[in-house]
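First up is the structure itself, then whatever we jot down about it.
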Amino acid sequence: MIFMTDVLKLPVGLAAVIYTGVQWLEAVTMIGSGIYIDRVTTENGRFRPRMVSGALILTVGTVIFYTVFDIPLWAKTVVFVTGYLAAYWGFNLMWTAYRSLLGVLSRNPQDTISLNSASAQMGSLAGLVYSFISVRLLNGFSGQTAGYTVSAFVYGSVILLCMVIVSRITKPYDNGQTCGVEDGRKREGNLKDMLKVFTRPMCIYFVVITLREAASTVLPSLLVYYFTYVMGDANLMSVYLSVITFSGLIAHFFARKLANRYGKKQMFIVGSLLACVCIFCMRFAVNMPAAFMVLAAVKSCVEIFSGAFMPSFMMEIADYNEYTVGVHARGFTSSIGGTALRCAQIAGGAVASFGLVAIGYKSGMEVTAEVAAGISNLMIYGCILLILVSVVAMLFYQVDPDVMAQVYKQRTSMLDE
């Protein structure tokens, strides 16, 4: 948004329309990427080529939409939207292939949890490192305009390099030969067959992740208002981001062991309820920034059991569906999980933005005590309500453990062969 309004110089109304519209198109390209991956196999494998090609498209598209061309406004808009959609098509293709490949590498539920937890942990570490250099990187060139373009190129190049490395490492598990074995064992169906993946666990999972991640969108969307108008210090936002990133990184060390011991579902429910307690207690720490940050740190730790393990549920459902309904659509299953995340962002953004309108907040207004109280209530109770509903939905998530035991036994035998 800042780039569109302050660098590209698009009108605010047009920028808002574009930003909202392309988010819906992101969800469409996410579903499309899953269908494409499952229906097209190359001699180099099913997932690895899509990771690399997706990263390449992402790099080119990101550089295009983060570059200011000396052209008329309508042409700038067309270039931005085209580049943005290309970048997200590449990202969704890469993301879906990468997440699907994690399932191929797993021999049992513990493998799935460990692989997803490790990837999330390294992502947290990368985010923590990047938080110290991002602004310097952006402003370290001849000007802000050039900074966006060069930063986009660096961003895409790093991702492309990483995907090439991952593709090389995982070659024994995803190549033309292994895909041929899978296709002979579970023949790919058409789109109508793929829709069979919407089993009871998948439908419940979609609702759970949409609600849970919507809450994770509402909170940061409103925090900048909360810190500015309720706590009276906008600079607390940067402190908050550092605190939750660091605490989340530490929490991964314990989350993996607890989830393997007590189960993903149980830890999701417990972690979500503890997060609600932390959020509720935040309303009593308005004049105590240190106490607020402690609560934020604890919340970030317990939320690991919901956010970080969501891909593990996706892989479990993909295996379950293959065994029970006979559809080998791992890419499509992963893309449904990604689409749920996109829907969650849209839903969370809608709750935050329309909630601000409902409590009477307007840009440039002098915020009254009543509006400040409304911001606090919207952030705290809105998040708690979304989380609690997701917990209730998770209670209905059931995957037969005996069925999954057979699935992983069969997979282990195939990998050993």
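The values are calculated or read from the model by the stated rules, or taken from the named source; none is laboratory data. Since the structure is predicted, the reported quantities are computational estimates derived from the model, not experimental observations. All Cβ positions, glycine included, derive from the backbone under ideal geometry; neighbour counts span all protein chains shown. Protein only, heavy atoms only, side chains kept; ligands, DNA and RNA dropped before computing areas. Shrake-Rupley method; radii C 1.70, N 1.55, O 1.52, S 1.80 Å.
Criterion first (closer than 24 Å to residue 125 by Cα and either modelled with pLDDT of 85 or more or open to solvent by 40 Å² or more (accessible area, probe 1.4 Å) (or both)) does residue 341 satisfy it?
The answer is yes for residue 341.
Going residue by residue through region 394-408, is there one that turns out to be at pLDDT 75 or above, open to solvent by less than 20 Å² (accessible area, probe 1.4 Å) and assigned to a helix (DSSP H, G or I)?
Yes, region 394-408 contains a residue that is at pLDDT 75 or above, open to solvent by less than 20 Å² (accessible area, probe 1.4 Å) and assigned to a helix (DSSP H, G or I).
Could you check region 216-232 and list, in sequence order, the residues that are buried (at least 19 other Cβ atoms within 10 Å of the Cβ) and within 20 Å of residue 273 (Cα to Cα)?
Within region 216-232, 216, 217, 218, 219 qualify.
Give region 56-97 a look and list any residue that's within 20 Å of residue 34 (Cβ to Cβ) and open to solvent by 30 Å² or more (accessible area, probe 1.4 Å), or say none.
56, 57, 85, 86, 88, 89, 91, 95 - these are the residues of region 56-97 that are within 20 Å of residue 34 (Cβ to Cβ) and open to solvent by 30 Å² or more (accessible area, probe 1.4 Å).
For residue 168, state whether it is of a type in the set (Lys, Arg) and either at pLDDT 75 or above or surrounded by 13 or more Cβ atoms within 10 Å (Cβ to Cβ) (or both).
Working: of a type in the set (Lys, Arg): yes; either at pLDDT 75 or above or surrounded by 13 or more Cβ atoms within 10 Å (Cβ to Cβ) (or both): yes.
So residue 168 passes the test.
Residue 369: more than 20 Å from residue 210 (Cβ to Cβ) and open to solvent by 30 Å² or more (accessible area, probe 1.4 Å), yes or no?
So residue 369 fits the description; yes.
Look at residue 117 and say whether it is in a helix (DSSP H, G or I), closer than 25 Å to residue 206 by Cα, touching a residue at least 60 places away in the same chain (Cβ under 8 Å) and open to solvent by less than 30 Å² (accessible area, probe 1.4 Å).
Against the criterion (in a helix (DSSP H, G or I), closer than 25 Å to residue 206 by Cα, touching a residue at least 60 places away in the same chain (Cβ under 8 Å) and open to solvent by less than 30 Å² (accessible area, probe 1.4 Å)), residue 117 qualifies.
Pairs only if they're at least six apart or on different chains, beta carbon under 8 angstrom, first in region 193-204 and within 15 Å of residue 310 (Cβ to Cβ), second assigned to a loop (DSSP other than H, G, I, E, B); list them, first residue then second.
201/397; 201/398; 201/399; 204/396; 204/397
Among residues belonging to region 190-215 that are assigned to a helix (DSSP H, G or I) and modelled with pLDDT under 85, point out the one that is surrounded by the most Cβ atoms within 10 Å (Cβ to Cβ).
Going residue by residue through region 190-215, those that are assigned to a helix (DSSP H, G or I) are 191-197, 200-215.
Filter again for modelled with pLDDT under 85, leaving 191-197.
Values: 191: 11, 192: 7, 193: 16, 194: 22, 195: 12, 196: 15, 197: 25.
Filtering first and then ranking leaves 197.
Would you confirm, using the coordinates I've provided, whether residue 102 is modelled with pLDDT under 90 and crowded, with 21+ Cβ neighbours inside 10 Å? Quick ask: steps written out before the conclusion?
Values: modelled with pLDDT under 90: yes; crowded, with 21+ Cβ neighbours inside 10 Å: yes.
It is true that residue 102 is modelled with pLDDT under 90 and crowded, with 21+ Cβ neighbours inside 10 Å.
Return the total of residues in region 346-378 being part of a helix (DSSP H, G or I) and within 30 Å of residue 25 (Cβ to Cβ).
Residues meeting the conditions: 14.
Please verify whether region 223-231 includes one or more residues that are closer than 16 Å to residue 301 by Cα, touching a helix residue (DSSP H, G or I) at 6+ places or on another chain (Cβ under 9 Å) and part of a helix (DSSP H, G or I).
no
Does any residue in region 298-309 that is of a type outside the set (S, T, N, Q) and modelled with pLDDT of 75 or more come within less than 6 Å, Cβ to Cβ, of a residue that is assigned to a helix (DSSP H, G or I) and open to solvent by 30 Å² or more (accessible area, probe 1.4 Å) six or more places away or on a different chain, and which pairs are these?
Going by the 6 Å Cβ cut-off, the qualifying pairs are 302/274.
In this structure, does residue 381 turn out to be free of Cβ contacts under 8 Å to residues at least 12 places away in the same chain, surrounded by fewer than 21 Cβ atoms within 10 Å (Cβ to Cβ) and in a helix (DSSP H, G or I)?
Values: free of Cβ contacts under 8 Å to residues at least 12 places away in the same chain: yes; surrounded by fewer than 21 Cβ atoms within 10 Å (Cβ to Cβ): yes; in a helix (DSSP H, G or I): yes.
The answer is yes for residue 381.
Mind checking which residues of region 245-279 are open to solvent by less than 40 Å² (accessible area, probe 1.4 Å) and of a type in the set (A, V, I, L, M)?
Selection gives 249, 251, 255, 259, 267, 269, 275, 279.
Look at region 300-315 and say how many of its residues are surrounded by fewer than 24 Cβ atoms within 10 Å (Cβ to Cβ) and over 14 Å from the mean Cα position of the chain (by Cα).
3
Within the bounds of region 148-163, is there any residue that is more than 20 Å from the chain's Cα centre (by Cα) and either outside any helix (DSSP H, G or I) or at positive phi (or both)?
No, region 148-163 contains no residue that is more than 20 Å from the chain's Cα centre (by Cα) and either outside any helix (DSSP H, G or I) or at positive phi (or both).
Can you name the helices (runs of 4 or more DSSP H) wholly within region 1-109 that have at least 1 residues being over 18 Å from residue 160 (Cβ atoms)?
Those helices (runs of 4 or more DSSP H) span 12-39, 73-104.
Is region 306-316 home to any residue that is in a loop (DSSP other than H, G, I, E, B), among the hydrophobic types (A, V, I, L, M, F, W, C) and farther than 12 Å from residue 194 by Cβ?
Yes, some residue in region 306-316 is in a loop (DSSP other than H, G, I, E, B), among the hydrophobic types (A, V, I, L, M, F, W, C) and farther than 12 Å from residue 194 by Cβ.
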